[in-house]
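Peer 1: Just passing along the structure, written as structure tokens.
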Amino acid sequence: MSAMEGELRAILQQLTHQEKVTVGPRDFWLGHWHGQHVVAVLSRIGKVAAATTATALVERFGVSEMVFTGVAGGLGVGVTVGDVVVASRFLQHDLDASPLFPRYEVPLYGRSHFDTDARLVSALAQATQSVLADPLGLLGAQTLREFSLVAPRLHHGLIISGDRFVASTGESAALQRALPDALAVEMEGAAVAQVCHDYGIPFAAVRTISDRADDGAHHDFNRFMASVASRYSAAIISEMLRRL
Ligand code: ADE
């Protein structure tokens with residue numbers, strides 16, 4: 001699952017035996033990839049869209065595992081553009097039912113964090129490591145230069161989600177102060193993690209850092225998506241499926 005077309009495009013090019021099934025406003029692409037039956041889908045942006053899509057994947061398509069691939073804004077120290085974060089767990093940074101429940105706690109779940117699945121995470125991290133070992137081969141010298149990518153690194157830890165594109169230095173500093181463990185911010189992962197928790201479905205997510213969630217966050221976003229993130233996504237998911 002991905003939130004934006006640019007994130008999913010390169011993946012759809014790799015699915016064989018494709019069949020499109022439309023449910024409501026969404027197209028679900030059924031296909032084969034490295035011997036696995038896969039359903040690829042664009043969630044659209046935000047937590048509600050992602051939760052709806054995840055629920056349809058379970059209820060209509062009976063998926064047994066879920067993986068999200070996309071981009072995120074870097075928050076953690078040293079989490080820079082071109083790096084990749086594999087999530088260990090998720091939290092909704094804009095959820096606040098206080099004083100009825102503690103800040104960030106999902107009401108009636110008794111928790112604020114949702115973990116990812118260790119087996120999927122391990123396959124995803126190994127796949128990412130192998131893709132990041134040769135950025136020149138994957139992206140070419142011109143793209144590396146264009147985005148000042150030197151030695152992209154893999155990070156593993158907390159990703160936070162909210163219904164806001166974080167594009168100011170003030171807001172990203174506030175998130176860093178409030179949630180110092182957070183490596184990256186995006187708009188869907190925690191919602192999918194909660195749906196997967198509800199249904200007992202293993203879940204993992206990988207995000208390429210497209211920006212630093214600061215005043216320059218919108219800069220070159222679309223070009224980064226097309227030249228870097230979509231290539232990373234397809235290469236990482238391909239490697240992961242080979243390992244499962
Ligand atoms: N996805 C990519 N960059 C992001 C940002 N800065 N805030 C929220 N979601 C993002």
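Peer 1: Provide a single number: the residues in segment 144-163 that are within 15 Å of the chain's Cα centre (by Cα) and either open to solvent by 20 Å² or more (accessible area, probe 1.4 Å) or more than 9 Å from the ligand (Cβ to nearest atom) (or both). Full working, then the answer.
Peer 2: To start, the set of residues in segment 144-163 that are within 15 Å of the chain's Cα centre (by Cα) comprises 154-163.
Remaining after also requiring either open to solvent by 20 Å² or more (accessible area, probe 1.4 Å) or more than 9 Å from the ligand (Cβ to nearest atom) (or both): 154-160, 163.
Counting residues in segment 144-163 that are within 15 Å of the chain's Cα centre (by Cα) and either open to solvent by 20 Å² or more (accessible area, probe 1.4 Å) or more than 9 Å from the ligand (Cβ to nearest atom) (or both) gives 8.
Peer 1: Is it true that Asp211 is within 16 Å of the ligand (Cβ to nearest atom), among the acidic types (Asp, Glu) and open to solvent by less than 20 Å² (accessible area, probe 1.4 Å)? Show your work before the answer.
Peer 2: Details: within 16 Å of the ligand (Cβ to nearest atom): yes; among the acidic types (Asp, Glu): yes; open to solvent by less than 20 Å² (accessible area, probe 1.4 Å): yes.
Answer is yes for this residue.
Peer 1: Shifting gears a bit: Give me the residue from segment 24-79 that is among the charged types (D, E, K, R) and part of a strand (DSSP E or B) and, out of that set, nearest to Ala191 (Cα to Cα). So that I can check it myself, show each step before the final result.
Peer 2: Our first condition is that a residue be among the charged types (D, E, K, R); within segment 24-79, this holds for 26-27, 44, 47, 59-60, 65.
Next, from what is left, pick out any that are part of a strand (DSSP E or B): 26-27.
Numbers: Arg26: 18, Asp27: 20 Å.
Residue satisfying both the conditions and the ranking: Arg26.
Peer 1: Follow-up. Could you identify the single residue in Ala178, Ala173 that is over 16 Å from Asp83 (Cα atoms), touching a residue at least 12 places away in the same chain (Cβ under 8 Å), within 16 Å of the ligand (Cβ to nearest atom) and exposed (fewer than 14 other Cβ atoms within 10 Å of the Cβ)?
Peer 2: Selected residue: Ala178, the only one of Ala178, Ala173 that is over 16 Å from Asp83 (Cα atoms), touching a residue at least 12 places away in the same chain (Cβ under 8 Å), within 16 Å of the ligand (Cβ to nearest atom) and exposed (fewer than 14 other Cβ atoms within 10 Å of the Cβ).
Peer 1: Being surrounded by fewer than 20 Cβ atoms within 10 Å (Cβ to Cβ) and in contact with a helix residue (DSSP H, G or I) (Cβ under 7 Å, 6 or more places away or on another chain) is true for just one of Val131, Val106, Val71. Which residue is that?
Peer 2: Of Val131, Val106, Val71, the one residue that is surrounded by fewer than 20 Cβ atoms within 10 Å (Cβ to Cβ) and in contact with a helix residue (DSSP H, G or I) (Cβ under 7 Å, 6 or more places away or on another chain) is Val106.
Results for (1) within 25 Å of Thr208 (Cβ to Cβ); (2) surrounded by fewer than 17 Cβ atoms within 10 Å (Cβ to Cβ), shown as yes or no for each residue.
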position	(1), (2)
Ser2	yes, no
Gln36	yes, yes
Val58	no, no
Val79	yes, no
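Peer 1: Which numbered condition in (1) open to solvent by less than 20 Å² (accessible area, probe 1.4 Å); (2) under 15 Å from the mean Cα position of the chain (by Cα) is the only one that Gln194 fails?
Peer 2: Exception for Gln194: condition (1).
The values are calculated or read from the model by the stated rules, or taken from the named source; none is laboratory data. Keep in mind the model is a prediction, meaning the values are calculated, not measured. Every residue, glycine as well, gets a Cβ built from its backbone with ideal geometry; the counts of neighbours run over all protein chains shown. The accessibility values were calculated without ligands, DNA or RNA, using every heavy atom of the protein model including side chains. Shrake-Rupley method; radii C 1.70, N 1.55, O 1.52, S 1.80 Å.
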